[in-house]
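The values are calculated or read from the model by the stated rules, or taken from the named source; none is laboratory data. Predicted model only: the values in this text are computed from it and were never measured. With ideal geometry, Cβ positions are generated from the backbone for all residues, glycine too; neighbour counts draw on all protein chains shown. Only protein heavy atoms, including side chains, enter the accessible area calculation; ligands, DNA and RNA are left aside. Shrake-Rupley method; radii C 1.70, N 1.55, O 1.52, S 1.80 Å.
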Amino acid sequence: MIVEAFPAALSSPTNKGDVGSEASPDNRIRTTTMSGIVLRQRPLGERDRIVTLYTRERGKLAAVAKGARQPRSKLAAMSQPLTHGRYTVARGKSLGVLTQGTLEDPFFRLKQDLLRMAFATCAVELLDKTVPEEDAAADIFNLLLASLYEFQIDPVPELVLRSFELELLHLLGYLPTLKRCSRCNSPLADLHRHAGSYLFSPQFGGIVCRDCQRHTRCSVTVTAQTIEIMVALRSGDPMAVRRLTITPRNMQEMRRALSEFIQYRLDVNLKSTQFLDRLRWMRSHPVPPVE
Amino acid sequence: MLYPRPIARLLEELEKLPGIGPKSAQRIAYHILREPPNFAEKLSQAVVDTRAKIRDCSRCFSLSEGELCPICQDDRRDRASLCVVAEPRDLMAVENTGTYRGCYHVLQGHLSPIDGIGPDDLRIDPLIQRVREGAISEVILATNPTVEGDATALYIAELLRPFPVRVTQLAMGLPVGGDLDYADQVTIARAFEGRRLM
């Protein structure tokens, strides 16, 4: 769904090249220019930053942005998380050195909306914690880039996150089974349907049928409609999702099912979801105004 | 080279300091040895005193020798204006300009959800409490112009929305003395947002 919604973003001249440009043929001092998105940054010393990039050409890599914490540095804005650009990285002794960059999209609107930024941060953290270093996957890069565009404008950013999670799980080879029993492979039509609900088992990797329910140690109850939404999110058709009525209960079930699935299957516990939960709580419990 | 044990220990401790590598540690250690003996005594006493006597100001959470820092004790400061900064060194940067005469609140960090730093890890609740007490008319958010700084400012602004206070953020844009054509597009976009009438 996400990729089709923003074909222009993915076919721009900057994103077309699947290979980085080699500035020098000499392997000892090689620099590579890549299309990348900053996942995170942390300070190094007094003036520098270590930037973690997800690049189309080399996958995830960390590089030192020297002087990036100084206000006049050209790398200051380039090294901010949730920024898309062309980055030139020189080979260093251990980490690469970010020598220059050209900004493609700073996702300005995204960074001015706290809730959208929190959803995008969850996506970025999930990606950071699940993909290995220097393992290039253009599909994952395209997914992240398209999702960042969606996070900026989609009226329901939480659905963008769920869609991102499902697509990333698919690309990593962990897509939950949604149409068949994940244990015995019996098709959906034969699945036990109890009051319109299914059991979703992270242990077996998706929905389980009545016969297999007793074998699962941990499971989440999800309604048939929630499964339908997840299937629609995976279909790649934005209209398929928009045609469905999505209730807060569906959202909660998807959130819980995918969160437990990711934790069980990938052993990943996201820190940024705590802030997201806090933000949701804050908006539903505003501070009483002062007289 | 095998150093005598006291020097080796000094080097080991110095290398734990930020930005100090083996060479810098060696240079500092030699400098201490070349100076008169009372230099080392004064230095060590200053380190011990700083660690023992400095604590957080109970009102603004800046560094303080007593219960309240000198700024919070100063009656000439404008108590209706509160400048929110992330770290005590940011407070010093604002203070060194000599243009601001209000009070401060030090958050002791920025929000960074991806690193697990949430609102409870910062001094946000005491800030809300200070605003709730009612004497403040303007809160100036002076967090860093970074994603984490912006997230912190947005979060605090949202928390302060129900209160009858003016919440402002420091202007962002071109550095003084810089060339426009060297600035990146985020900086120029922000400078345009913060343009003023002349």
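Whole-Hz Karplus ³J(HN,Hα) for segment A:82-89, in order, using 6.51 cos²θ - 1.76 cosθ + 1.60 and θ = phi - 60°, x for Gly and Pro?
6, 10, 10, x, 9, 10, 9, 10
Along the charge dipole of chain A, Cβ charges K/R +1 and D/E -1, which of A:C184, A:P71, A:Q152 sits furthest on the positive end?
Going by the charge dipole, the pick is A:P71.
Check which residues have an amide H placed less than 5 Å from B:I117's amide H, if you skip close sequence neighbours.
Distant-sequence amide H within range of B:I117: B:S112.
Would you kindly compute the Cα radius of gyration of segment B:1-139 and its largest Cα-Cα separation (Dmax), both in Å?
When restricted to Cα atoms, segment B:1-139 yields Rg and Dmax of 20.1, 64 Å.
Apply the Karplus parameterisation 6.51 cos²θ - 1.76 cosθ + 1.60, with θ equal to phi minus 60°, to every residue of segment A:95-102 and state each ³J(HN,Hα) to the nearest whole Hz, in sequence, with x for glycine and proline.
Taking θ as phi minus 60°, the curve returns 8, x, 10, 7, 9, 7, x, 10 Hz for segment A:95-102.
For a quick check: with amide H placed at 1.01 Å from N, whose amide H comes under 5 Å from B:V84's, ignoring anything fewer than 5 positions away on the same chain?
Distant-sequence amide H within range of B:V84: B:H105, B:I140, B:L141, B:A142.
Counting pairs of alpha carbon atoms under 8 Å apart in space and at least six apart in sequence, what relative contact order in percent does chain A give?
So the answer I get is 15 percent.
At 1.4 Å probe size, with every protein chain present, just tell me what the per residue accessible area of segment A:27-138 comes to in Å². Show your work: numbers first, answer last.
Numbers: 4530 Å² over 112 residues.
Here the residues of segment A:27-138 average 40 Å² of exposed surface.
Given Cβ point charges of +1 (Lys, Arg) and -1 (Asp, Glu) and nothing else, what value in debye, to the nearest 20, does the dipole of the protein assembly as shown about its Cα centre take?
Here the size comes out at about 420 debye.
At 15 angstrom or more along the helix axis (alpha-carbon based) and mean Kyte-Doolittle of 0.5 or higher, what helices does chain A contain? Whole DSSP H runs only.
Passing helices, by number: A:114-130, A:138-153, A:157-172, A:224-235.
Specify which residue in the list B:Q73, B:P22, B:A52 is farthest towards the positive end of the charge dipole of segment B:13-98, using unit charges on the beta carbon of Lys, Arg (+1) and Asp, Glu (-1), about the Cα centre.
Going by the charge dipole, the pick is B:P22.
Would you look at the GNM of chain B, springs on alpha carbons closer than 10 Å, and say which of B:S137, B:S62, B:S44 moves the most?
For chain B, modelled as a Gaussian network with Cα springs under 10 Å, the answer is B:S44.
Give me the dipole magnitude in Debye, nearest 20, for segment A:65-196 about the Cα centre, with unit charges on the beta carbon: positive for Lys and Arg, negative for Asp and Glu.
420
So, for chain B, what is the accessible surface per residue at a probe of 1.4 Å, expressed in square angstrom?
62
Assign one of three labels to segment A:74-199, namely rounded, prolate or oblate, based on the Cα gyration tensor with a ≥ b ≥ c the square roots of its eigenvalues; rounded applies when a/c is under 1.5, prolate when it is not and a/b is larger than b/c, and oblate otherwise.
In terms of gyration-tensor shape, oblate.
Quick one: grab the alpha carbon gyration tensor of segment B:76-169, order the square roots of its eigenvalues as a ≥ b ≥ c, and give me rounded if a/c is under 1.5, else prolate or oblate depending on whether a/b is larger than b/c. Each step should come with its number before you reach the end.
Details: a/c = 1.89, a/b = 1.23, b/c = 1.54.
Note, shape of segment B:76-169 comes out oblate.
Taking both sides together, what accessible area is buried at the B/A interface, probe 1.4 Å, expressed in Å² and rounded to the nearest 100?
3000
What is the helix-to-structure angle for B:5-14, meaning the angle in degrees between its Cα long axis and the longest Cα principal axis of chain B, kept from 0 to 90 and rounded to the nearest 10?
10
How much of the accessible area of the protein assembly as shown, probe 1.4 Å, is carbon plus sulfur, in whole percent?
On the protein assembly as shown, the fraction of accessible area on carbon and sulfur atoms equals 52 percent.
For the protein assembly as shown, count all C-alpha to C-alpha pairs, find those more than 28 Å apart, and express that count as a whole percent of the total. Before the final figure, lay out the partial values.
Values: 74864 of 119316 pairs.
Percent of Cα pairs beyond 28 Å in the protein assembly as shown: 63.
Using θ = phi - 60° and the Karplus relation 6.51 cos²θ - 1.76 cosθ + 1.60, list the HN-Hα couplings for segment B:124-137 in order, rounded to whole Hz, with x at every Gly or Pro.
8, 4, x, 5, 4, 4, 5, 5, 4, 5, x, 7, 9, 10
On a 0 to 90 degree scale, rounded to 10, what angle separates helix B:22-34 from the longest Cα axis of chain B?
Helix B:22-34 sits roughly 60 degrees off the main axis of chain B.
What average count of beta carbons from other chains do you get within 10 Å of the Cβ of residues in B:113-122? Kindly include the intermediate steps, with their values, before the conclusion.
Working: counts 14, 15, 5, 7, 2, 7, 5, 2, 0, 0.
For this peptide, the per-residue mean of nearby foreign Cβ atoms is 6.
Can you bin segment A:176-269 into rounded, prolate or oblate? Criterion: square roots of the alpha carbon gyration tensor eigenvalues sorted a ≥ b ≥ c, rounded for a/c under 1.5, prolate for a/b above b/c, oblate for the rest. Kindly include the intermediate steps, with their values, before the conclusion.
On the way: a/c = 1.67, a/b = 1.26, b/c = 1.33.
In terms of gyration-tensor shape, oblate.
Based solely on its DSSP helices, what 222 nm [θ] is calculated for chain A when runs of n ≥ 4 H residues each add -39,500 (n - 2.57) and the sum is averaged over all residues, nearest 500 deg cm²/dmol?
Details: 13 runs with 122 residues, N = 291.
After summing the helix terms and dividing by the residues of chain A, the value is -12000 deg cm²/dmol.
Let me know the mean shielding of B:145-154 by other chains, meaning the per-residue number of their Cβ atoms within 10 Å of its Cβ. If you can, show how the numbers build up before the last one.
On the way: counts 4, 9, 13, 3, 1, 5, 7, 1, 1, 7.
Going residue by residue through B:145-154 and averaging, the value is 5.
List the aspartates and glutamates whose Cα sits under 13 Å from the Cα of A:K179, skipping any in the same chain fewer than 8 residues away.
A:D190, A:E228
For peptide B:86-96, what's the mean number of Cβ atoms from other chains within 10 Å of each residue's Cβ?
Average per residue, whole number: 0.
Mind checking the angle between helix B:88-97 and chain B's longest principal axis? C-alpha axes, 0 to 90 degrees, to the nearest 10.
70
Can you give me the long-range amide H partners of A:G206? Hydrogens built in the peptide plane at 1.01 Å from N, cutoff under 5 Å, separation of 5 or more residues or another chain.
A:T177, A:S201
Taking a threshold of 31 Å on the Cα-Cα distance, which of the pairs A:K66/B:K16; A:K74/A:K111; A:K111/B:K23; B:K16/B:K42 fall above it? Before the final figure, lay out the partial values.
Details: A:K66/B:K16 21 Å; A:K74/A:K111 20 Å; A:K111/B:K23 41 Å; B:K16/B:K42 20 Å.
Violating the 31 Å Cα-Cα cut-off are A:K111/B:K23.
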